[in-house]
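S.K.: First the structure, which I've put down as structure tokens, then a few questions once you've had a look.
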Amino acid sequence: MARPPPAVRRRPRGKIPAKSVIARLSPPPARPAVSPRQVPVVSLDEALDAAAGYAKASRSAATWRAYESDWKLFQRWCEAVDCVPLPATPHTVALFLAAEATLGRAPPTLGRRLAAIRLMHVGARLASPHDAIEVDEVLRGIRRTFKRPSAQKSPAVDEEIKRMVDAVEPQTLRGLRDRALVLLGFAGAFRRSELVALDADHLTQRDEGLSVLIASSKTDQEGLGQIVAIPRVSGSSYCPVRAVLDWMIVAGIQSGPVFRRLYRGDTVGKTRLSPQSVALIIKDLAGKVGLDVTRYAGHSLRSGFLTSAAKNRASIFKMADQSRHKSLDVLRAYVRNEERFEDHAAEGLLQPNSPARRP
């Protein structure tokens, strides 16, 4: 006679058997030993140094310098009014922003000051007051009441670029360098920081012109790279491709920075130009051709290209390809400025001897 099956014991709901608990709490079985040669060893100090380096690379050197200056300014203000800078209360930060706005500081500058305060608190593992409602409302009010227009530099349009190039001394290395700098900066709609960061291996010659790699830029902080095409202008003394090649050949530049410092005796150095040097070169050439030097700077090359392209009816999408703007709103402003007087609503009005309309 067959034996009946054993009774099935049901576990109480909500409980875990003791054996299961012990199994979960027990350490996992030991893994086989791995030879030290198979595992790359990085010490804690090395990892710490590497982490600090990567954190520093999250922003440009100029941004870090600005943050440092902003924080020191906040510290001095707190000392003057007997407030604690770290940790700062939202009330202290709101008063600081109001004091700076009273001195005429622009909202973007105040935003950067606030970012510096936030970073110092985060770095000290303290709660940051930057996003408190009191701070936000004061900054919002400053933005609404700030009416001073930004002092933008004048664009160096194509005709002015030609005049500047004509003012250089092409028989000298300095003249060749400045000529190449101005023409390439204009044709590529480059920022001054992008120009001075160019290395020889960033330039690739093609039948159509130059292919220029921008390794990192304001809109490409992670360094993914952007390619800018510089077309040849055959038969023109203002060809940017010819100007760059002439400078590099005569200066003997085969690697390293393209635009370098020059020393006495027209000697080519090994260090690259600074962004400020680009502005000084543009100002110097603007003064030589009778332009107001206070109205021109390094950005005049980039804005000059966009202004000239808009005037020449270039496609806004092609303009964006060259300037690498992520938003078309900025480019539309250039186009609108050039088309402001076209098909104007007042066209035909106030003409002499025009027939009067009855009221």
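The values are calculated or read from the model by the stated rules, or taken from the named source; none is laboratory data. All of these numbers come straight from a predicted model, not from anything done at the bench. So basically every Cβ, Gly included, is an ideal-geometry build from the backbone, and we count neighbours across all protein chains shown.
S.K.: Taking the condition part of a helix (DSSP H, G or I), under 21 Å from the mean Cα position of the chain (by Cα) and buried (at least 17 other Cβ atoms within 10 Å of the Cβ), does Tyr67 pass? Walk me through how you get there before you give the answer.
M.R.: Values: part of a helix (DSSP H, G or I): yes; under 21 Å from the mean Cα position of the chain (by Cα): yes; buried (at least 17 other Cβ atoms within 10 Å of the Cβ): yes.
Yes: the conditions hold for Tyr67.
S.K.: Then there is this: Restricting region 163-176 to residues that are in a helix (DSSP H, G or I) and hydrophobic (A, V, I, L, M, F, W, C), which is nearest to Ser303 (Cα to Cα)? Even if it seems obvious, please write down each step before you answer.
M.R.: If we filter region 163-176 for residues that are in a helix (DSSP H, G or I), which is where we start, we get 163-166, 173-176.
Applying the additional criterion that residues be hydrophobic (A, V, I, L, M, F, W, C) yields 164-165, 173, 176.
Details: Met164: 16, Val165: 17, Leu173: 27, Leu176: 23 Å.
Per the stated criteria, the residue is Met164.
S.K.: Can you run down the residue pairs with Cβ atoms below 9 Å, 6 or more apart or on separate chains, where the first is in region 107-135 and crowded, with 20+ Cβ neighbours inside 10 Å and the partner is among the polar types (S, T, N, Q)?
M.R.: Listed by first residue and then by second, the contacts come to Ala116/Ser69; Ile117/Ser128; Met120/Ser128; Pro129/Thr89; Pro129/Thr92.
S.K.: Check region 215-225 and report whether any residue there is of a type in the set (Lys, Arg) and either surrounded by 13 or more Cβ atoms within 10 Å (Cβ to Cβ) or at pLDDT 90 or above (or both).
M.R.: Of region 215-225, the ones of a type in the set (Lys, Arg) are 218.
If we keep only those that are either surrounded by 13 or more Cβ atoms within 10 Å (Cβ to Cβ) or at pLDDT 90 or above (or both) as well, we get none.
No, the conditions are met nowhere in region 215-225.
S.K.: Among the candidates Ser128, Ser154, single out the residue that is hydroxyl-bearing (Ser, Thr, Tyr) and in contact with a His (Cβ under 9 Å, 6 or more places away or on another chain). Spell out the reasoning first.
M.R.: Working: Ser154 fails: in contact with a His (Cβ under 9 Å, 6 or more places away or on another chain).
Result: Ser128 is the single residue among Ser128, Ser154 that is hydroxyl-bearing (Ser, Thr, Tyr) and in contact with a His (Cβ under 9 Å, 6 or more places away or on another chain).
S.K.: Further, regarding this structure: What residue, of Ala124, Ala101, is at pLDDT below 90, assigned by TED's automatic domain parsing to the domain that holds Gly141 and touching a Leu at 6+ places or on another chain (Cβ under 8 Å)? Step through it out loud before you land on a result.
M.R.: Values: Ala101 fails: at pLDDT below 90.
Checking each option against the conditions leaves just Ala124.
S.K.: Going residue by residue through region 239-253, is there one that turns out to be of a type outside the set (A, V, I, L, M), without any contact (Cβ under 8 Å) to a residue 60 or more places away in the chain, more than 24 Å from Ala314 (Cβ to Cβ) and out of contact with any helix residue (DSSP H, G or I) (no Cβ under 8 Å at 6 or more places or on another chain)?
M.R.: yes
S.K.: Which count do you get for residues in region 289-318 that are assigned to a helix (DSSP H, G or I) and surrounded by 14 or more Cβ atoms within 10 Å (Cβ to Cβ)? Reasoning before the result, please.
M.R.: The initial filter retains those residues of region 289-318 that are assigned to a helix (DSSP H, G or I), namely 293-295, 299-311, 316-318.
Now restrict to residues that are surrounded by 14 or more Cβ atoms within 10 Å (Cβ to Cβ): 293, 295, 299-311, 316.
Selection size over region 289-318: 16.
S.K.: Quick check, is Asp321 of a type outside the set (Lys, Arg), modelled with pLDDT under 90, surrounded by fewer than 19 Cβ atoms within 10 Å (Cβ to Cβ) and on the phi > 0 side of the Ramachandran plot?
M.R.: Criteria not met by Asp321.
S.K.: Does at least one position in region 220-243 carry a residue that is over 14 Å from Ala189 (Cβ atoms), in contact with a Phe, Trp or Tyr (Cβ under 6 Å, 6 or more places away or on another chain) and not aliphatic (A, V, I, L, M)?
M.R.: Pass one, region 220-243, residues over 14 Å from Ala189 (Cβ atoms): 220-225, 232-239, 241-243.
Filter once more, so that each one left must be in contact with a Phe, Trp or Tyr (Cβ under 6 Å, 6 or more places away or on another chain): none.
The answer is no, given that none of the residues of region 220-243 is over 14 Å from Ala189 (Cβ atoms), in contact with a Phe, Trp or Tyr (Cβ under 6 Å, 6 or more places away or on another chain) and not aliphatic (A, V, I, L, M).
S.K.: Given the criterion over 20 Å from the mean Cα position of the chain (by Cα), without any contact (Cβ under 8 Å) to a residue 24 or more places away in the chain and surrounded by 13 or more Cβ atoms within 10 Å (Cβ to Cβ), identify the matching residue among Arg179, Arg206, Arg261. Break it down stepwise before answering.
M.R.: Working: Arg179 fails: without any contact (Cβ under 8 Å) to a residue 24 or more places away in the chain; Arg206 fails: surrounded by 13 or more Cβ atoms within 10 Å (Cβ to Cβ).
Selected residue: Arg261, the only one of Arg179, Arg206, Arg261 that is over 20 Å from the mean Cα position of the chain (by Cα), without any contact (Cβ under 8 Å) to a residue 24 or more places away in the chain and surrounded by 13 or more Cβ atoms within 10 Å (Cβ to Cβ).
S.K.: Of the residues Gly269, Gly252, only one is within 28 Å of the chain's Cα centre (by Cα) and surrounded by fewer than 13 Cβ atoms within 10 Å (Cβ to Cβ); which?
M.R.: Values: Gly252 fails: within 28 Å of the chain's Cα centre (by Cα).
Just a single option satisfies the conditions, and that option is Gly269.
S.K.: Here's another thing I want to ask about it. Under the condition of being closer than 18 Å to Arg76 by Cβ and basic (Lys, Arg), which residue from region 104-121 is modelled with the lowest pLDDT?
M.R.: Arg105
S.K.: Of all residues being assigned to a helix (DSSP H, G or I) and of a type outside the set (Val, Ile, Thr) in region 272-285, which is surrounded by the fewest Cβ atoms within 10 Å (Cβ to Cβ)? Just the residue, please. Talk me through it step by step, then tell me what you get.
M.R.: Going through region 272-285, the residues assigned to a helix (DSSP H, G or I) turn out to be 275-285.
The next check asks that each one be of a type outside the set (Val, Ile, Thr); those that pass are 275-277, 279-280, 283-285.
On the way: Pro275: 16, Gln276: 12, Ser277: 17, Ala279: 17, Leu280: 14, Lys283: 20, Asp284: 15, Leu285: 25.
Among residues in region 272-285 that are assigned to a helix (DSSP H, G or I) and of a type outside the set (Val, Ile, Thr), the one surrounded by the fewest Cβ atoms within 10 Å (Cβ to Cβ) is Gln276.
S.K.: Another one. Quick one: count up the residues across region 234-247 that are surrounded by fewer than 17 Cβ atoms within 10 Å (Cβ to Cβ) and within 28 Å of the chain's Cα centre (by Cα).
M.R.: So in region 234-247, the residues surrounded by fewer than 17 Cβ atoms within 10 Å (Cβ to Cβ) come out as 234-237, 245-246.
Remaining after also requiring within 28 Å of the chain's Cα centre (by Cα): 245.
The qualifying residues number 1.
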